[in-house]
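Enquirer: Before I ask anything, let me first share the structure, which is written out below as structure tokens.
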Amino acid sequence: MKKSFFILLTAILFIGINGVCNLYAGAIQEGAGLIDEKAGRDGELVLLHTNDLHGNLLPSNGRGGFAEISAFVKSVRAINPNVLLLDAGDFNTGSALSNMYNAEPDIHGFNIMGYDAVTFGNHEFDGTQEKLDTQIALANFPFVSSNIKKMDGSFLGGNQYIVKRYGNISVGIFGLTTLRTRLIASPDSSLIFINELEAARNAVDILRNTEKVDIVIALVHMGDIQETEQHITSIELGKRIEGIDIIVDGHSHSFFESARRAGDAWVVSANEWGKFVGCGKLVVRNGRLVEFTWAPVAITPDAEITAMLRPYTEKANAALKEVIGTASETFIFGNRLTRYHETAIGNMICDANVWYLKNVSKQQVDFAFHNGGNIRAELPAGQITREQLLTVLPFDNYLNIVSMTGAKIIELFNFIATIPQGNGGFPQFSSDVRFTIDKTTSGGVIRNLTIGGAAVDPNKIYRFCTNDYILKGGDGYEVMLSATDPFNTSLLLSYVVIEYIRAQGGTISPATDGRLIIIGGVTP
């Protein structure tokens with residue numbers, strides 16, 4: 001048994017639920033899912049769940065992976081006839097392997113494992129609606145969404161809710177996706193998003209009063225950490241909506257050591273990337289949830305999933321394993337540090353844009369910037385493969401060059417000052433820009449802003465580079481909608497960075513230079 005499994009098992013014993021998770025450092029005790037047909041609406045049910053898998057089909061540093069998840073699910077089902085398996089969204093956008101095939105192997109993996117329901121995360125809307133429709137069609141499981149509708153009035157995926165029956169016990173499951181998706185992703189304009197609380201209230205009413213289910217589970221991609229004042233979290237959902245027994249959450253990538261109470265509901269989440277699977281036991285008496293024990297668990301591989309993935313990995317390896325350069329030291333990502341302050345990896349990416357546009361495309365640009373949420377992983381020391389770079393930059397973002405007056409540039413930076421640290425919209429800049437964000441004042445203000453070594457001239461026209469997502473107002477950058485003279489370079493951000501690394505003699509080194517200073521800020 002791996003060292004991490006021993007560590008996790010110790011944690012589980014410490015929180016006093018060793019009776020719940022004991023096989024593979026986490027399976028439900030034998031018989032936990034049995035329903036006594038003669039006992040009326042009494043019994044026990046096993047709940048397993050994942051979230052924010054982000055294309056991590058294979059293990060990373062010995063943790064996670066679809067084979068590992070599948071082995072755990074099989075081990076639980078082998079001794080428990082009634083198991084409910086759910087995913088809280090964001091299976092898209094992450095590893096280069098998954099991205100290359102538009103998450104087709106991910107969906108096949110879900111099919112093999114027999115997921116009972118999946119809800120949509122914000123990253124399900126990174127691509128086109130055609131891509132998402134294809135993924136929905138590949139699924140042998142229901143997508144559940146109670147707050148996203150199509151133009152014809154139907155719910156996206158076809159299910160406002162589902163009802164599962166285990167003996168005499170019925171379980172109603174409805175799905176929610178954070179409304180922040182409209183800002184932080186690119187959903188099709190034909191989709192209609194309904195307020196999470198309104199949608200939840202309606203779904204719970206139907207499940208309780210029409211379907212008359214015993215247990216109500218909200219399968220949501222909302223997060224437990226509030227990103228903006230308008231952001232409704234899973235915790236707020238539990239506190240404000242009566243009638244929910246369990247909220248299975250995703251989005252914040254939070255690690256829960258135990259289930260959290262919000263109102264009358266239990267809130268659980270399973271971290272990220274398949275590192276953990278949420279593992280819970282529901283005890284039902286007379287049609288009511290009377291006991292819920294839960295823990296995060298780690299797992300071991302499964303041969304069937306490994307075999308399914310093999311042709312995908314073999315075909316991809318030839319391209320993905322190509323070495324494009326070397327990093328002298330690790331470009332640290334940490335706990336999503338690109339969302340908090342200047343980083344070496346953010347500097348390198350933005351500087352690469354300016355270098356390529358000036359030296360290869362022969363375009364005049366004053367600076368480049370990108371949202372920190374666009375950068376998804378560290379770049380380890382040593383040889384850099386195409387796969388590693390595409391994992392750092394998994395989005396198919398195209399570089400665009402636009403113009404703005406200095407007055408609008410000031411408006412842009414004033415908005416940047418208000419972006420909460422930790423938010424995906426927090427920017428990374430090229431070396432042409434120098435400024436300070438003062439967070440000691442209400443909302444934050446910009447100080448000492450210079451571009452090209454000079455103060456911003458309100459009447460001057462500035463030409464700069466960013467990605468198509470930001471250009472369309474993503475992450476709240478509505479000021480970008482006033483940019484003029486747009487030029488789509490048709491260059492992928494990842495391609496430009498690869499070419500930059502090659503041009504540096506193949507070796508790059510991490511460095512920060514104080515281009516962005518924060519006063520009164522926070523770190524994760």
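The values are calculated or read from the model by the stated rules, or taken from the named source; none is laboratory data. What you are looking at is a predicted structure, and each value in this text was computed from that prediction instead of being measured. Counting neighbours? That spans all protein chains shown, and the Cβs are built from the backbone with ideal geometry, glycine included. Each accessible area value is taken on the protein alone, full model and side chains, heavy atoms only, with ligands, DNA and RNA left out. Shrake-Rupley method; radii C 1.70, N 1.55, O 1.52, S 1.80 Å.
Yes/no per residue for (1) surrounded by fewer than 20 Cβ atoms within 10 Å (Cβ to Cβ); (2) more than 26 Å from SER98 (Cα to Cα); (3) touching a Pro at 6+ places or on another chain (Cβ under 8 Å):
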residue: ASP396; (1), (2), (3): yes, no, no
residue: ASN400; (1), (2), (3): no, no, yes
residue: LYS408; (1), (2), (3): yes, yes, no
residue: ILE419; (1), (2), (3): no, yes, yes
residue: VAL433; (1), (2), (3): no, yes, no
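Enquirer: May I ask you to verify whether GLY476 is exposed (fewer than 13 other Cβ atoms within 10 Å of the Cβ) and not basic (Lys, Arg)?
Expert: For GLY476, the condition - exposed (fewer than 13 other Cβ atoms within 10 Å of the Cβ) and not basic (Lys, Arg) - is not met.
Enquirer: From the list ALA117, ALA88, which residue is modelled with pLDDT of 95 or more, surrounded by 20 or more Cβ atoms within 10 Å (Cβ to Cβ) and under 17 Å from the mean Cα position of the chain (by Cα)?
Expert: On inspection, the qualifying residue turns out to be ALA88.
Enquirer: Kindly indicate the residue of region 319-370 that is farther than 28 Å from THR418 by Cβ and aromatic (Phe, Trp, Tyr) and also most open to solvent (accessible area, probe 1.4 Å) among those meeting that condition.
Expert: Going through the qualifying residues, I end up with TRP355.
Enquirer: If I filter region 207-216 for residues that are in contact (Cβ under 8 Å) with a residue 60 or more places away in the chain, among the β-branched types (Val, Ile, Thr) and either out of contact with any His (no Cβ under 9 Å at 6 or more places or on another chain) or closer than 30 Å to GLN421 by Cβ (or both), do I get at least one hit?
Expert: Looking for residues that are in contact (Cβ under 8 Å) with a residue 60 or more places away in the chain, among the β-branched types (Val, Ile, Thr) and either out of contact with any His (no Cβ under 9 Å at 6 or more places or on another chain) or closer than 30 Å to GLN421 by Cβ (or both), one finds at least one in region 207-216, hence yes.
Enquirer: So is VAL283 buried (at least 24 other Cβ atoms within 10 Å of the Cβ), of a type in the set (A, V, I, L, M, F, W, C), assigned to a strand (DSSP E or B) and more than 14 Å from the chain's Cα centre (by Cα) or not?
Expert: no
Enquirer: Filter region 289-315 down to the residues that are surrounded by fewer than 19 Cβ atoms within 10 Å (Cβ to Cβ) and not in a strand (DSSP E or B) and list them by number.
Expert: Listed by number, the residues that qualify are THR300, PRO301, ALA303, GLU304, THR306, ALA307, ARG310, PRO311, TYR312, THR313, GLU314, LYS315.
Enquirer: Out of everything in region 381-437 that is out of contact with any Ser or Thr (no Cβ under 8 Å at 6 or more places or on another chain) and of a type in the set (Ser, Thr, Tyr), what residue ends up being nearest to THR484 (Cα to Cα)?
Expert: THR405
Enquirer: What do you reckon, is SER95 of a type in the set (Gly, Ala, Ser), within 23 Å of ALA270 (Cα to Cα) and open to solvent by 10 Å² or more (accessible area, probe 1.4 Å)?
Expert: yes
Enquirer: Filter region 489-507 for residues that are part of a helix (DSSP H, G or I) and within 16 Å of ALA96 (Cβ to Cβ); which is most open to solvent (accessible area, probe 1.4 Å)?
Expert: TYR495
Enquirer: So, GLY453, is that one more than 20 Å from ALA344 (Cα to Cα), open to solvent by 60 Å² or more (accessible area, probe 1.4 Å) and modelled with pLDDT of 90 or more or not?
Expert: Yes, satisfied.
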